[in-house]
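Below is one structure; the comments refer to it alone.
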Amino acid sequence: MGMTMTQKILAHHAGLPEVKAGQLIMSKLDLVLGNDITAPVAITEFNKIGIDEVFDKNKVALVPDHFTPNKDIKAAEQCKLIREFAHAKEITNYFEIGEMGIEHALIPEKGLVVPGDVVIGADSHTCTYGALGAFSTGVGSTDMAAGMATGESWFKVPSALKFELTGKPGPWISGKDVILHIIGMIGVDGALYRSMEFVGEGLANLSIDDRFTMANMAIEAGGKNGIFPVDEVVLDYVKEHSCRDYTVYKADPDAEYDAVYQIDLSTIRPTVAFPHLPDNTRTIDEVGDVKLDQVVIGSCTNGRIEDIRVAAKILNGKKVAKGIRCIIFPATQKIYLQALREGLIEQLVEAGAAFSTPTCGPCLGGHMGILAKGERALATTNRNFVGRMGHPESEVYLASPAVAAASAITGRISNPEEIAD
Amino acid sequence: MEAQGTVFKYGNNVDTDVIIPARYLNTSDPAELAKHCMEDIDSEFIHKVKDGDIIVADKNFGCGSSREHAPLAIKKAGVSVVIASTFARIFYRNALNIGLPIFECPEAAVGIAAGDEVKVDFDTGVITNVTKNETYQAEPFPEFMQALIKAGGLINYIREQKAQ
């Protein structure tokens, strides 16, 4: 029987001719990643193993992005621990404030992931790099410690769900609407332990940024990874950002899938996930009157240049509604600079939005936009769990940058099709 | 090995943000984390939980972030074992890796109620509801995972491998 794309990558990295769903394997790792929340625990565990060096100082990446720029003394201490470890172990890919960005936008941008890689990261959204045809998945700090020490990790080979995409999405529809639609359809555990493989002619109508957003939220359906085939769009991105050799894997024609879903992109509507789960979705036509206090545009899900461009396109020449705090976070310094050069930051600031340095900040209720009791935010982030952005009695609604920008203008959840010129 | 304790019962999709809210993640000290364990879903939990007590939940326990702080907080709060219909995959790995015993058992998740006295045999996977006089059989772990558990977690396992 044939293998899925994910199974082929894992088989190769385990040195096996073939693997089957459910099989436990030991895989070689091409990159091990951690951030300022998870790496401190990993460093403590690494030190218990009793070895001096990491397995490969070029294959470990440390990105202090969550509570940075340091939000308080404890956060500063955690970042200091990582900085000192990176220095002592001569970690090549440590990114300090000023060059850092949100890890899942930064790592591909720095060319650290290419097609065919196996990547683990002590952050659940590590699955983002599946957009480049790599197997990448989130793990905990102890797995990160073991990965840094040995360059290997154990995996249970996943079975897969296949999503066959056809058609062309409407003008204000993005990868965010597609993935929210899918999570709404299969549920927050609909892909539990499994791969989500996205295929089909509709991919030609999804940009690399759309695909990063979709792979990023595979974990929100419980998925082990989300993965896309390597086409021209991927290769253009990879060649621009990396000089590493890559390997293109394709699913076998007779690969087995637990389920196959057909999705016509032309039928997808702007989609919003209501509190308190990402699968609690409604189309914009079913939203009703939802008044907001805050709009957040950014995060590892939607802080890329296309996202900032869409926000600027809608907000340019308009004003953020009185009483709404609209906060925009580009995901990396490069994206920040690009937005600056394209004049987008000026347009957004003129419209009354706050424009921030890159940080995960408000997405996980860290800092830079925390909600009070009873407050409501619409965010382009990835989770709307109880207390995610602040007070346990606050609410988070998830949507695309287009819906977010339109909603910032009206002060209530709004359809970009009606707001945009 | 076995554990016995009083059950705290929760529903579907208990996420890591309610197990340990991110606002407390500026430390990785398990004792500090444990003080806020389950705070946003059950503010009484940390005041009532005793050493050896057991958490039982429905589907997808531990969904959301990769924070190992979640199983660390639960373990340090004194919980001896978590039983659920299913676990989110990163939580599952993390629990095994840090040596927090977990069992997948849909029948137990249905049969056990809050406050029940429950006994778990780690070797056989037999879960006994002392209050209701019922037993449930959990899925046994594959051999490799049993080795991890026996070693007391992944780091000890690697140290043992290195020593050999």
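The values are calculated or read from the model by the stated rules, or taken from the named source; none is laboratory data. What you see is a predicted model; the values in this text were computed from it and never measured. Counting neighbours? That spans all protein chains shown, and the Cβs are built from the backbone with ideal geometry, glycine included. When the accessible area is computed, the model is the full protein with side chains, heavy atoms only, and any ligands, DNA or RNA have been set aside. Shrake-Rupley method; radii C 1.70, N 1.55, O 1.52, S 1.80 Å.
Once the convex hull of all Cα atoms in the range B:75-116 is built, its volume per residue stands at 73 Å³. Taking the Cα centre of the range A:232-336 as origin and assigning +1 to Lys and Arg Cβ atoms and -1 to Asp and Glu Cβ atoms, the resulting dipole is close to 1060 debye. Residues of the range B:136-158 that bury at least 40 Å² of accessible area once all protein chains are present, compared with their chain alone (1.4 Å probe, heavy atoms only, ligands and nucleic acids left out), are B:Phe144, B:Met145, B:Leu154, B:Ile155, B:Ile158. Roughly how many whole Å is it from the C-alpha centroid of the range A:136-169 to that of the range B:97-149? So the separation of the two Cα centres works out to 27 Å.
For A:Ile413, neighbours were defined as the other residues whose beta-carbon sits under 15 Å from its Cβ, and their charges (Lys and Arg +1, Asp and Glu -1) total -3. Net charge in the neighbourhood of A:Asn93 (other residues with Cβ under 9 Å of its Cβ; Lys, Arg +1, Asp, Glu -1) is +3.
Based on alpha-carbon atoms only, what is the radius of gyration of chain B relative to the globular estimate 2.2 N^0.38 Å? Normalised Rg, Cα atoms only: 0.99.
For the Cα trace of the protein assembly as shown, dividing Rg by the Kirkwood Rh returns an Rg/Rh value of 0.95.
At full extension, A:Asp52 and A:Lys28 could sit 6.7 nm farther apart than now, given 0.36 nm per residue minus the alpha carbon distance.
Length gained on full extension, B:Ala31 to B:Met145: 38.4 nm, using 0.36 nm per residue less the C-alpha separation. For the chain pair A and B, buried accessible area totals roughly 3700 Å², probe 1.4 Å, rounded to the nearest 100. With loop membership from DSSP and a limit of 15 other Cβ atoms within 10 Å, the longest segment of chain B without trypsin sites (Lys or Arg not before Pro) is B:51-131. The Rg/Rh ratio for the range A:110-210, using Cα coordinates for both the radius of gyration and the Kirkwood hydrodynamic radius, is 1.00.
Heavy-atom accessible surface of the protein assembly as shown, averaged per residue, reaches 36 Å², computed with a 1.4 Å probe. Burial here means at least 40 square angstrom less accessible surface with every protein chain in place than with the chain by itself, probed at 1.4 Å; in the range A:116-152 the buried residues are A:Thr142, A:Asp143. Inter-chain neighbour count for B:84-93: the average number of beta-carbon atoms from partner chains within 10 Å of each residue's beta-carbon is 6. Solvent-accessible area assigned to carbon and sulfur over the protein assembly as shown amounts to 49 percent, based on a 1.4 Å probe.
Counting only Cα atoms, the range A:1-151 measures 55, 33, 23 Å along its principal axes, largest extent leading. Strictly over 18 Å apart at the Cα level, which of A:Lys59/A:Lys250; A:Lys224/B:Lys59; A:Lys291/A:Lys373; A:Lys156/A:Lys224; B:Lys35/B:Lys75; A:Lys8/A:Lys156 would you flag in this model? From A:Lys59/A:Lys250; A:Lys224/B:Lys59; A:Lys291/A:Lys373; A:Lys156/A:Lys224; B:Lys35/B:Lys75; A:Lys8/A:Lys156, over 18 Å: A:Lys59/A:Lys250. Roughly how many whole Å is it from the C-alpha centroid of the range A:276-355 to that of the range A:177-246? A separation of 22 Å, based on Cα centres. Hydrodynamic analysis of the range A:317-374 uses the Kirkwood radius over alpha carbon pairs. Inserted into Stokes-Einstein at 10 °C and 1.306 mPa s, it gives a translational diffusion coefficient of 128 µm²/s.
Remark: spin-label model distance A:Leu340-A:Thr92 equals 2.8 nm, labels positioned 7 Å along the Cα→Cβ axis. Normalising the Debye intensity of the range A:147-283 to I(0), with uniform scatterers on Cα atoms only, and taking log10 at q = 0.09, 0.19 Å⁻¹ returns -0.29, -1.18. A Förster distance of 60 Å, applied to the separation of the beta-carbon atoms of A:Glu350 and A:Glu256, puts the FRET efficiency at 0.65. Using the Cβ-Cβ distance between B:Glu44 and A:Lys80 with R0 set to 35 Å, the FRET efficiency from 1/(1 + (r/R0)^6) comes to roughly 0.45.
Applying Stokes-Einstein at 10 °C and 1.306 mPa s to the Kirkwood radius of the range A:339-421, computed over alpha-carbon pairs, gives a translational diffusion coefficient of 116 µm² s⁻¹.
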